[in-house]
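To start, the structure itself, in structure tokens.
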Amino acid sequence: MPETTDQSQRVIAVIGLGYVGLPLAVEFGKHRPVIGFDIKPERISELQDGHDHTREVPSEELAEARHLTLTSNPADLGAATIFIVTVPTPIDAHKRPDLTPLVKASESVGRALKKGDIVIYESTVYPGATEEDCVPVLERVSGLKFNVDFFCGYSPERINPGDKAHRLTTIRKVTSGSTPETAETVDALYAGIVTAGTYQAESIRIAEAAKVIENTQRDLNIALINELAVIFNRMGIDTEAVLKAAGTKWNFLPFRPGLVGGHCIGVDPYYLTHKAEALGYHPQVILAGRRINDGMGGYVARQMVKAMLKRRIQVDGARVLVLGLTFKENCPDLRNTRVVDVVAELREYGVRVDIHDPWADSEEALSEYGLELVAAPEPAAYDGILLAVAHDSFRQAGATTLRRYGHGGCVFCDLKSVFSPGDSDLRL
């Protein structure tokens, strides 16, 4: 079993310093020795200079992590006895889970693994992935035996990028371990930093399943509202007005239509459906919700084109300004943003699209999606304006100011229903 003496002196290594790993490494680093590891040397240099481009951890909080050592050298992981893996778990072009980052991280940990060590995974996976996919890698690389020489835990991340109210320490943490003793050790570890408390799941597989259905449930709820928006649009009914009226009932859930992107909601359901299909079951409801949400970008673009045609605007060669590219408001995260679907569909119609987003990194937008951002849109130059992401800066500017980017007869689409119905020509 893992050591239980003087747990506070055990060195923690956090593998992957993105939206999930960095807040975790910083919080632990305020209290105990932590090695923060990332494969990108430029990320380490940035953090050593006191800057986090994700804007999740401010410079002053980075400075508070006095016990945090940052490195991109895998050899430095050997000083740790607890490893927490927080790497991305994306999907490939065919909507299949891509475990490559998880496997490579497990290989790095395996080379540093010693008897009595604990490896905790936080990355979102399908039930069984930790013990079926990761543990064999750890055993193969380390030469050690699972639950004899080393132990594992799973504690799913619940980070919400850009959310300043719900932070690592204020969100209740689900924990689990491969043995009862490991489960207690893992739970106590997180209880030391999470003020909201912990919940110890009965097994690793249960903790994995709990995480993946959290986002699947949200995905399905949004899919329902998106489908209702399509129906109400055909009826000539304002969806936002309907939702406000229905929301007066105490148990009506406050979901809104929109593009479903990001690293969780638009990805995690595919991990669950992949595992279900491997077991011979074809999920119908979950995949139906995914089809609806994945199709919303194209739907929005087609509605924009229809509105322009009604204004007698020549679509082929028309200019449209898209305001916002990140997957959500007030956040620089471009991962799996579905605004790109809107842009691609508009370009299929011959529309010339400019994109402006004060939160997005222009180099990342170009490297990830081949999209160039405009820093300052030209006034009175556009036939259509699409407010795709509800950044506070757009809200504060107001509909009148945003409309000035277009000419007098331009179409203004308020995708997120930021403004009142009379301020826009089209809403979802």
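The values are calculated or read from the model by the stated rules, or taken from the named source; none is laboratory data. Here the structure is a predicted model, which means the values were calculated and not measured. Glycine gets a Cβ as well: all are built from the backbone with ideal geometry, and neighbour counts include every protein chain shown. Heavy atoms of the whole protein, side chains included, go into the accessibility calculation; ligands, DNA and RNA do not. Shrake-Rupley method; radii C 1.70, N 1.55, O 1.52, S 1.80 Å.
Quick one: with all protein chains in place, what share of the accessible area of the chain is carbon or sulfur, to the nearest percent (1.4 Å probe)? The computed percentage sits at 52. Take every pair of alpha-carbon atoms less than 8 Å apart whose residues are at least six positions apart; their mean separation over the length of segment 320-391 yields a relative contact order of 47 percent. Amide H to amide H distances under 5 Å link G192 with no residue, where only residues 5 or more positions off or on other chains count and H is placed in the peptide plane. Put I313, I39 in order of accessible area, highest first, and with a 1.4 Å probe you get I39, I313.
Assign unit charges at the C-beta atoms only (+1 for Lys and Arg, -1 for Asp and Glu), then state the dipole size of segment 157-222 relative to its Cα centre in Debye, rounded to the nearest 20. Around 300 debye, computed over segment 157-222.
Suppose the chain between E202 and K115 were pulled fully straight at 0.36 nm per residue; how much longer would it get relative to their current alpha carbon spacing?
On the way: separation 87, 0.36 × 87 = 31.32 nm, distance 2.44 nm.
Between E202 and K115, full extension yields 28.9 nm more.
The P(r) of segment 338-410 has a tail past 18 Å containing 42 percent of all C-alpha pairs. When shorter helices are ignored and each DSSP H run of at least 4 residues is given -39500 (n - 2.57), the per-residue value for the chain at 222 nm works out to -11500 deg cm²/dmol.
With a cap of 12 neighbouring Cβ atoms within 10 Å, and only residues DSSP puts in a loop, list the trypsin sites (Lys or Arg not before Pro) found in segment 134-164. Mind dumping the intermediate values first?
Numbers: sites: R140, K145, R158, K164; in loops: K145, R158, K164.
Passing both the DSSP loop test and the Cβ count: K145, K164.
Each Lys and Arg adds +1 at its Cβ and each Asp and Glu adds -1 at its Cβ; summed about the Cα centre, segment 176-263 shows a dipole of about 500 debye. Classify segment 287-428 as rounded, prolate or oblate from the Cα gyration tensor: take a ≥ b ≥ c as the square roots of its eigenvalues, call it rounded if a/c is under 1.5, otherwise prolate when a/b beats b/c and oblate if not. Verdict is rounded for segment 287-428. Couplings 3J(HN,Hα) for segment 56-70, derived from phi with the Karplus relation 6.51 cos²θ - 1.76 cosθ + 1.60 (θ = phi - 60°), are 7, 10, x, 4, 5, 6, 4, 5, 6, 7, 5, 9, 9, 10, 9 Hz, where x marks Gly and Pro.
One equal scatterer on each Cα of segment 280-358, no solvent, Debye formula: the resulting log10 I(q)/I(0) at q = 0.16, 0.24 Å⁻¹ is -0.68, -1.11. Just want the answer: with Cβ charges of +1 for Lys and Arg and -1 for Asp and Glu, which residue in V174, H282, G162 is farthest toward the dipole's positive end in segment 162-311? Checking the options against the dipole of segment 162-311, the answer is G162.
Solvent-free Debye calculation, one equal scatterer per alpha-carbon of the chain: log10 I(q)/I(0) at 0.08, 0.09, 0.14 Å⁻¹ equals -0.50, -0.62, -1.26.
Put the Cα centre of segment 46-96 next to the Cα centre of segment 341-412 and the gap is 32 Å. In the assembled protein chains, H274 presents an accessible area of approximately 70 Å² (probe radius 1.4 Å).
Hey, if we sort H51, H67, H94 by accessible area with the 1.4 Å probe, largest down, what's the order?
Values: H51 100, H67 70, H94 130 Å².
Largest accessible area first, the list is H94, H51, H67.
Protein heavy-atom accessible surface, 1.4 Å probe, per residue over segment 355-428: 46 Å².
Work out, step by step, the length gained on full extension between R311 and E181: first 0.36 nm times the residue separation, then minus their alpha carbon distance; give nm to one decimal. Present the calculation step by step, with values, prior to reporting the outcome.
Working: separation 130, 0.36 × 130 = 46.80 nm, distance 6.85 nm.
Additional length available on full extension: 39.9 nm.
Just want to confirm a number: the relative contact order over the chain, from Cα pairs under 8 angstrom separated by 6+ residues, in percent.
Values: 831 pairs, mean separation 46.1, N = 428.
Rounded, it is 11 percent for the chain.
Among residues other than P283 with Cβ under 11 Å from its Cβ, the summed charge is +1 (Lys and Arg +1, Asp and Glu -1).
Tell me, what is the FRET efficiency for D76 and A376 to the nearest 0.05, using R0 = 51 angstrom and their Cβ-Cβ distance as r? Before the final figure, lay out the partial values.
Working: r = 44 Å, r/R0 = 0.86.
Computed FRET efficiency for D76 and A376: 0.70.
Each label point was placed 7 Å from the Cα along the Cα-to-Cβ direction; for A344 and V141 their separation is 3.2 nm.
Of the residues P257, I213, V230, the one whose Cα sits farthest toward the positive end of the charge dipole of segment 206-315, with +1 on the Cβ of Lys and Arg and -1 on the Cβ of Asp and Glu, is V230. What the phi angles of segment 234-247 give under the Karplus curve with 6.51, -1.76 and 1.60, with θ = phi - 60°, is a coupling list of 5, 8, x, 10, 6, 4, 4, 5, 5, 5, 5, 5, 5, x Hz, glycine and proline written as x. Helix 268-278 and the longest principal axis of the Cα set of the chain meet at an angle near 70°.
Of the residues A112, P97, V242, the one whose Cα sits farthest toward the positive end of the charge dipole of the chain, with +1 on the Cβ of Lys and Arg and -1 on the Cβ of Asp and Glu, is V242. Pairs spanning more than 19 Å between alpha-carbon atoms, out of K173/K211; K211/K275; K244/K416; K306/K328; K115/K211; K164/K211: K306/K328; K115/K211; K164/K211.
Per residue, what accessible area does segment 75-222 have, given a 1.4 Å probe and all protein chains present, in Å²?
On the way: 5820 Å² over 148 residues.
In whole numbers, segment 75-222 has 39 Å² accessible per residue.
Net charge of the neighbourhood of F419, taken over other residues with C-beta under 12 Å away and scored Lys/Arg +1, Asp/Glu -1, is 0.
Charges were assigned to the Cβ only: +1 to each Lys and Arg, -1 to each Asp and Glu. The resulting dipole of segment 371-428 about its Cα centre is roughly 160 debye. Residues whose amide H lies under 5 Å from that of S417, counting only those 5 or more places away or on a different chain, are L428; hydrogens are built 1.01 Å from N in the peptide plane. Over all pairs of different C-alpha atoms in segment 88-207, the reciprocal of the mean inverse distance, the Kirkwood hydrodynamic radius, equals 15.0 Å.
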